[in-house]
1. Inside the range B:45-151, counting only helices (runs of 4 or more DSSP H) that do not spill past its ends, which hold 3 or more residues that are hydroxyl-bearing (S, T, Y)?
2. What tally of residues in the range B:80-105 results from selecting those that are more than 10 Å from DNA strand C (Cβ to nearest atom), polar (S, T, N, Q) and surrounded by fewer than 17 Cβ atoms within 10 Å (Cβ to Cβ)?
3. Across the range B:67-79, what is the number of residues that are over 20 Å from B:H25 (Cβ atoms) and crowded, with 19+ Cβ neighbours inside 10 Å?
4. Of the residues A:G64, A:G53, only one is open to solvent by 10 Å² or more (accessible area, probe 1.4 Å) and in contact (Cβ under 8 Å) with a residue 60 or more places away in the chain; which?
5. What's the number of the condition B:F138 fails, among (1) crowded, with 17+ Cβ neighbours inside 10 Å; (2) within 19 Å of A:W15 (Cα to Cα); (3) hydrophobic (A, V, I, L, M, F, W, C)?
6. Looking only at the range B:106-120, count every residue that is open to solvent by 20 Å² or more (accessible area, probe 1.4 Å), of a type in the set (G, A, S) and more than 7 Å from chain A (Cβ to nearest Cβ) and tell me the total.
7. With (1) closer than 23 Å to B:A21 by Cα; (2) within 15 Å of DNA strand D (Cβ to nearest atom); (3) within 14 Å of chain B (Cβ to nearest Cβ) as the list, and A:L54 as the residue in question, which single condition is left unmet?
8. Might you let me know whether the range A:33-44 holds any residue that is open to solvent by less than 10 Å² (accessible area, probe 1.4 Å), facing chain B (nearest Cβ under 9 Å) and over 23 Å from B:S38 (Cβ atoms)?
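The values are calculated or read from the model by the stated rules, or taken from the named source; none is laboratory data. Quantities reported herein were computed from a predicted structural model and do not represent experimental measurements. As a convention, Cβ positions derive from the backbone with ideal geometry for all residues, glycine included, and neighbour counts pool all protein chains shown. To get the accessible areas, we keep the full protein, side chains included, count just its heavy atoms, and leave off ligands, DNA and RNA. Shrake-Rupley method; radii C 1.70, N 1.55, O 1.52, S 1.80 Å.
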Protein chains: 2
Amino acid sequence: MTTAAGPSVDSEITWLLHRAAQRMHVVTSEHAEKHGLSLRDHIVLSALDKWPGLSQVELARAVGLDKTTLMSQLDRLEHQGLVVRRANATDRRARMPEITRAGDRLRARVAEASAAAEAEALSDFTAAEVALLRRMLFELIGDHLDPGSCL
Amino acid sequence: MTTAAGPSVDSEITWLLHRAAQRMHVVTSEHAEKHGLSLRDHIVLSALDKWPGLSQVELARAVGLDKTTLMSQLDRLEHQGLVVRRANATDRRARMPEITRAGDRLRARVAEASAAAEAEALSDFTAAEVALLRRMLFELIGDHLDPGSCL
DNA sequence: CTCAGATCATCCGAATCAAGACGAACGTTC
DNA sequence: GAACGTTCGTCTTGATTCGGATGATCTGAG
């Protein structure tokens, strides 16, 4: 398996994943931004919808963003009225981010649009193949996906 | 398949790809940086090895980087003696980047280390599953991968 | 030959990102 | 209650990224 030149670049799953993510990012962003949302905004809103009650650092770890990056994201989303930071009664340090009704409506619309875009990008594959892809990606991400394992 | 809340975040292939790429990035970077190379450095060196004779813009398109980003990467690599920019006899605008002998030695070492890291990260899957994953990622990236289709 | 348009590498400016520092608040131990 | 280490959110700072503009060069049409 070791040629004189070593493994060539197209054997690098890491890079293929990176390029594929990049490509899908372009495809879905195109749709998300019609609603005035970046893909990352949408990710954050979706995480807030799926895992309510997380603190900002917990949320950052859940979506895989730096805490300072997430803060500026939340600033923007709060400024747009899609998120509120509510005081926590039992811990006065924490300001729990929550998705607003308007934010959830927008999230649902963008989710449908980007799901459609994804489905089209994946239309060359069978349902079984897509299911396997999803399963493998989950496995690769491992225990870093669900914030429950971080608490 | 449309619940009242719409598709949840874990159905988004785009995000799964992003997280998986992020995770593999951490795993392989860990090994690449033992040799003083970032993952992106390694990608660029590998592309130079695989497709010699590309101009800087062609190389940027081949690896999926912005042209200015690639320029600063090449600056760093050239400063480390891993890359040289050689004048092109037939086109005085172009400065063809080439990998040096030292660069190729380092590239081969990092390629082996990161391939081993990838193999370990993928050890839970069968060879057929990995092959399918690779094929699907290639398909997703589409014609943006090989520079031959851009010339 | 000349000129217009395209292409290459580079530079510039705005935006973004992440690591570290900081104050405030928490919980535990004395 | 006081002291210590930890966690939370924020601020600051340095580095990085990307889009657009620039100058030099090539190419093709007239």
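1. Working: elements: B:56-63, B:67-79, B:101-121, B:127-141.
Per the criteria, B:67-79.
2. Selection size over the range B:80-105: 2.
3. So the first thing to find is which residues in the range B:67-79 are over 20 Å from B:H25 (Cβ atoms), and the list is B:67-68, B:71, B:74-75, B:78-79.
Now drop any that are not crowded, with 19+ Cβ neighbours inside 10 Å, which leaves B:74.
Total satisfying the criteria: 1.
4. Details: A:G53 fails: in contact (Cβ under 8 Å) with a residue 60 or more places away in the chain.
Only one candidate qualifies: A:G64.
5. All conditions pass for B:F138, except number (1).
6. 3
7. The single condition A:L54 does not satisfy is (1).
8. Step one: of the range A:33-44, the residues open to solvent by less than 10 Å² (accessible area, probe 1.4 Å) are A:37, A:42, A:44.
When the remaining residues are screened for being facing chain B (nearest Cβ under 9 Å), the result is A:42.
Those still in the list that are over 23 Å from B:S38 (Cβ atoms) too: A:42.
Yes: one or more hits.
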